[in-house]
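The values are calculated or read from the model by the stated rules, or taken from the named source; none is laboratory data. Bear in mind the structure is a predicted one, so any value in this text is a computation, not a measurement. Cβ coordinates were reconstructed from backbone atoms using ideal geometry, including for glycine residues, and neighbour counts include every protein chain displayed. Protein only, heavy atoms only, side chains kept; ligands, DNA and RNA dropped before computing areas. Shrake-Rupley method; radii C 1.70, N 1.55, O 1.52, S 1.80 Å.
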Amino acid sequence: MFGELVAGLGEVRVGNYPGRALSFSDSPGAPEPQLLSLPSKRVALYAPQGGTLIARSDTNGEDLEAFAGAGLYDSVPVVPLNEVTIEAAEEALLWDGGLRSRLIDSIVDVGQAVEDAFGGVA
């Protein structure tokens, strides 16, 4: 499984925010995830106190051969998100290997459960 993580909400990953997400490759039962890139995004988005709803437009062409449509359109929150400047080197995802491994393992476990539920291939 390939995955990417950012601080805060994923809109920073798919939106037009400079920098890289922490990216990884992992599989169920692997001793530890393989880090492919370290995070360098300088912005994190957080939901306001009380929460918000986010409307995400979608493209029907996301699954067309030779076409990458994911992320073409904006996400629109009902209540504006809080934009926070961060220092990637201070984020626990970067320096706390135990936290990072537990989080990635949990994501891989969820991915495996979804594949199992829908008859996918691991």
Scan of segment 112-122 for residues that are outside any helix (DSSP H, G or I) and open to solvent by less than 60 Å² (accessible area, probe 1.4 Å), ordered by number: GLY120
Every residue in segment 60-92 that is at pLDDT 85 or above and out of contact with any strand residue (DSSP E or B) (no Cβ under 8 Å at 6 or more places or on another chain), please. VAL79, PRO80, GLU87, GLU90, GLU91, ALA92
When you scan segment 95-111, do you find a residue that is at pLDDT below 90 and open to solvent by 50 Å² or more (accessible area, probe 1.4 Å), even just one? yes
Among the residues of segment 19-32 satisfying the criterion of being in a loop (DSSP other than H, G, I, E, B) and at pLDDT 90 or above, which is farthest from GLU83 (Cα to Cα)? ASP26
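Okay, residues lined up against (1) among the aliphatic types (A, V, I, L, M); (2) touching a Phe, Trp or Tyr at 6+ places or on another chain (Cβ under 7 Å); (3) surrounded by fewer than 13 Cβ atoms within 10 Å (Cβ to Cβ); (4) without any contact (Cβ under 8 Å) to a residue 40 or more places away in the chain:
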residue	(1), (2), (3), (4)
GLY8	no, yes, no, no
TYR17	no, no, no, yes
SER27	no, no, yes, no
PRO39	no, no, no, no
ARG42	no, no, no, no
LEU45	yes, no, no, yes
ILE54	yes, no, no, no
Does any residue in segment 75-103 that is farther than 18 Å from GLY3 by Cα and among the basic types (Lys, Arg) come within less than 9 Å, Cβ to Cβ, of a residue that is open to solvent by 40 Å² or more (accessible area, probe 1.4 Å) and part of a loop (DSSP other than H, G, I, E, B) six or more places away or on a different chain, and which pairs are these? none
